[in-house]
Amino acid sequence: MSSVLYDNPGPRAKRRNVLYTAGFLAVLAVLAWWVLSALADKGQLDADKWSPFVTDVRVWTTYLLPGLVETLKAAALSILIALPLGALLGIGRLSDHRWVRVPVGTVVEFFRAIPVLLLMMFASAVYAQFTPVSSDFRPLYAVVTGLVLYNASVIAEVVRAGVLSLPRGQGDAAVALGMRKGQTMLYVLLPQAVTVMLPALVSQLVVIVKDTALGGALLGFPELLSQNRQITANYGANTIATFTVIALIFIALNFALTTLAGRLERRLRQGRKTAGVTESAVTKTGKTPAEAVSEA
């Protein structure tokens, strides 16, 4: 079916698309062959480079799994703090009061403009100079602080954009019913904006998981990626194999996160659809919501 922005391709266009796809796959196959040949010439595909990940369980129990636990710990803490903080900042940017909107906007723009690695390093220095946090926990605190400050600012913009994307009539209808500004935001606008914001929020959560690796690069945080140094030091020069395994773990982790978020989004959309059907049925037939849903 054609749409305003897209027409279904004709026979010639379909043949061109097939040729383009075949050409791209051929180029991709040649590139993969070249990369694998180069790795083989350097001995990076030898069995002894990869066997520790299969034959020696200590690689997992001593390095990879503890690193994964630290990554999940930092990411979970950052997400649990950044999500509500970002929502509050986003709501603050939508405030009718200038004395709330301007300072909140300044904070959001300030932390959104600073690289997250710089925030982590600055937080580490602050914890070292002005707090009694021990050096054992300081990297975790610094990583979480940097991730929270940066990502809460980004989430605030996501929330603001999601609320502003809703039809103006939603807020006007709530005001007409006598709801205050806070009630309108909490009970009307935010629940509807969640499904709009969810893809962007999920992308930001994936960024949080990946950015934990920055703490291992310069702060000594023992997250997953930083374990490559220990593995290569104890099992020989298998850097490519180690990076490949770690990359696969990150891919699996982020895929699980996006899959879970996708299921949540479908359930939210289905809930809104069911609510819409129920409301329509009640309006037209005068039946109770339970009767309307059962018949729908």
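The values are calculated or read from the model by the stated rules, or taken from the named source; none is laboratory data. Computed from a predicted model, the values in this text were never measured in an experiment. FYI the Cβ positions are ideal-geometry reconstructions off the backbone, even for glycines, and counts take in every protein chain you see.
Here are some notes:
- Test: residue in the range 71-87 that is touching a residue at least 60 places away in the same chain (Cβ under 8 Å), surrounded by fewer than 17 Cβ atoms within 10 Å (Cβ to Cβ) and not hydrophobic (A, V, I, L, M, F, W, C): yes
The rows are residues; the columns are (1) loosely packed, with under 10 Cβ neighbours inside 10 Å; (2) closer than 23 Å to residue 241 by Cβ; (3) acidic (Asp, Glu).
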{"site": "8", "(1), (2), (3)": "yes, no, no"}
{"site": "12", "(1), (2), (3)": "yes, no, no"}
{"site": "15", "(1), (2), (3)": "no, no, no"}
{"site": "19", "(1), (2), (3)": "no, no, no"}
{"site": "26", "(1), (2), (3)": "no, no, no"}
{"site": "29", "(1), (2), (3)": "no, yes, no"}
{"site": "32", "(1), (2), (3)": "no, yes, no"}
{"site": "35", "(1), (2), (3)": "no, yes, no"}
{"site": "43", "(1), (2), (3)": "no, yes, no"}
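- Checking residue 96 against (1) of a type in the set (Asp, Glu); (2) within 30 Å of residue 226 (Cβ to Cβ); (3) touching a residue at least 60 places away in the same chain (Cβ under 8 Å), the condition it does not meet: (2)
- Total residues in the range 95-130 satisfying the condition of being farther than 30 Å from residue 180 by Cα, loosely packed, with under 14 Cβ neighbours inside 10 Å and of a type in the set (A, V, I, L, M, F, W, C): the figure is 6.
- Any hit, the range 209-216, residues being over 30 Å from residue 137 (Cβ atoms), modelled with pLDDT of 80 or more and part of a helix (DSSP H, G or I): no
- Residue in the range 169-180 that is among the β-branched types (Val, Ile, Thr), over 17 Å from residue 82 (Cα atoms) and surrounded by 15 or more Cβ atoms within 10 Å (Cβ to Cβ) present: no
- Being more than 26 Å from residue 226 (Cβ to Cβ) and among the polar types (S, T, N, Q) is a property that residue 37 has.
- Each residue in the range 94-117 was checked for being more than 22 Å from the chain's Cα centre (by Cα) and part of a helix (DSSP H, G or I), and 9 of them qualify.
- Residue match in the range 37-50 (condition: within 30 Å of residue 205 (Cα to Cα) and in a helix (DSSP H, G or I)): no
- Restricting 253, 248, 224, 205 to residues that are at pLDDT 85 or above and part of a loop (DSSP other than H, G, I, E, B) narrows the list to 224.
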